[in-house]
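Reviewing the structure listed below.
The values are calculated or read from the model by the stated rules, or taken from the named source; none is laboratory data. None of these values were measured; they are calculated from a predicted model. FYI the Cβ positions are ideal-geometry reconstructions off the backbone, even for glycines, and counts take in every protein chain you see.
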Amino acid sequence: MLNRMETWEHLTPDQKDRARQLFQRFKELPPDRRQAVNQAIRGMRGLTPAQRDQLVNSEQYSRTFSLQERVLLEGAAHLPLSPGEGLQ
C-alpha cells in the first residue's frame, strides 16, 4: 500500500487523471476479465515502456484480450507501475 501511495504522489496531474479514467473503465469489466487484465498489468511492472508496448501489441495479447482490454493495458503501460501492483 505504501508503494502505491508513493507512486501516486509522484504522478503528474495528467497521469493521475489518466489513471482515474483507466480505473473507472477497469471496474466496468466482468470480474474474470478484471483478473486477467490485472495479472497482465502485474506482469508488465518489470518491463521498460518499449517492452510493455511490444507486449500489448503482440499477437498473443491480440488473441487473449479484447480491444477494450488492450486499450486499458496500453494506458497502464504508459503509467509508472509500482512494484507488485496492478489496478485492483
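Checking each residue in the range 44-56 for being out of contact with any helix residue (DSSP H, G or I) (no Cβ under 8 Å at 6 or more places or on another chain) and surrounded by 13 or more Cβ atoms within 10 Å (Cβ to Cβ) picks out R45, Q54. Filtered by the rule that a residue be exposed (fewer than 12 other Cβ atoms within 10 Å of the Cβ) and either at pLDDT 95 or above or in a helix (DSSP H, G or I) (or both), the range 60-84 gives Q60, R63, L67. Within the range 44-59, the residues that satisfy the criterion of being of a type in the set (S, T, N, Q) and in a helix (DSSP H, G or I) are Q51, Q54.
Taken over the range 1-14, the criterion of being in a helix (DSSP H, G or I) and modelled with pLDDT under 85 is satisfied by L2, N3, R4, M5, E6, T7, W8, E9. Please verify whether Q88 is at pLDDT below 90 and either crowded, with 18+ Cβ neighbours inside 10 Å or over 9 Å from the mean Cα position of the chain (by Cα) (or both), treating the condition exactly as stated. In short, yes.
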